[in-house]
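The values are calculated or read from the model by the stated rules, or taken from the named source; none is laboratory data. Keep in mind that what you see is a predicted model, and the values were worked out from it rather than measured. Note: ideal-geometry Cβ built from the backbone for every residue, glycine included; neighbour counts use all protein chains shown.
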Amino acid sequence: MNDSKKLLALHKPKGYVVTRSDERGRKTVYDLLPNWAFNDGWMPIGRLDLESKGLLLFTQDGQIGNKLTKPGGCQKVYEIWVRGHVTNEHIAEAKRGVESKHGLLKALVVEKLGMGGAKTKLCIVIDEGKNRHIRRLFGALKDPKFGTPLKVLELKRVSIGSFGLDIESAKWRFLSSDEERMLLRP
């Protein structure tokens, strides 16, 4: 039973901005939610950029938002497609971290899921989320064959903490009390 009063989940498709309103007139995630979500102050917990898709949680409770976004507070899992051949050296470097103007960018886990032509599918786990963290991390690595930066072509967040994405694209639902309790446990 989806009876949580504190958390709702949205499967964000590509092409939607995670903001309450956009001065450039682009579609926002609130276009996918009932009007009360906007009117009653439901706020996204974290962000996904315009070209990213996947799990996005909303709450009215700032303490819940802080708990789930503070560095080290909660692991987030992503499936990504990268243009270029991702080597074991790339994986080791992504886990060690690369310096950027946004600080050290790194992943806790990087697992190769498969290849498709000149693309590599990876599972990435992080426990913080700097702006465009995963895209910048892999953009700092070079394709060994061509010497060009790796590029994240597709990014999908599949889980936040214990809560896994289980709804269709552009749909939303409340979490159950059990899902909420598991996600927020100390």
When you check LYS106 against the structure, is it surrounded by fewer than 19 Cβ atoms within 10 Å (Cβ to Cβ), in contact with a helix residue (DSSP H, G or I) (Cβ under 9 Å, 6 or more places away or on another chain), over 20 Å from LYS53 (Cα atoms) and not acidic (Asp, Glu), yes or no?
yes
Test for ASP22: is it of a type in the set (D, E, K, R) and exposed (fewer than 13 other Cβ atoms within 10 Å of the Cβ)
no
Among the residues of region 136-161, the number that are out of contact with any helix residue (DSSP H, G or I) (no Cβ under 9 Å at 6 or more places or on another chain) and on the phi > 0 side of the Ramachandran plot is 1
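For ILE91, indicate whether it is of a type outside the set (Lys, Arg), over 14 Å from the mean Cα position of the chain (by Cα), at pLDDT 95 or above and not assigned by TED's automatic domain parsing to the domain that holds LEU32.
The answer is yes for ILE91.
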Scanning for something assigned to a strand (DSSP E or B) and within 24 Å of TYR16 (Cβ to Cβ), does region 126-136 turn up at least one residue?
yes
With a cut-off of at least 1 residues that are of a type in the set (Gly, Ala, Ser), name the strands (runs of 3 or more DSSP E) lying wholly within region 1-110.
8-12, 53-59, 98-100, 103-105
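Could we say that LYS101 is farther than 29 Å from SER169 by Cβ, assigned by TED's automatic domain parsing to the domain that holds CYS123 and touching a Leu at 6+ places or on another chain (Cβ under 8 Å) here?
Working: farther than 29 Å from SER169 by Cβ: yes; assigned by TED's automatic domain parsing to the domain that holds CYS123: yes; touching a Leu at 6+ places or on another chain (Cβ under 8 Å): no.
In short, no.
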As an exercise: evaluate ILE167 against (1) of a type outside the set (Ser, Thr, Tyr); (2) in contact (Cβ under 8 Å) with a residue 60 or more places away in the chain; (3) surrounded by 14 or more Cβ atoms within 10 Å (Cβ to Cβ) and give the number of the one condition it does not meet.
(3)
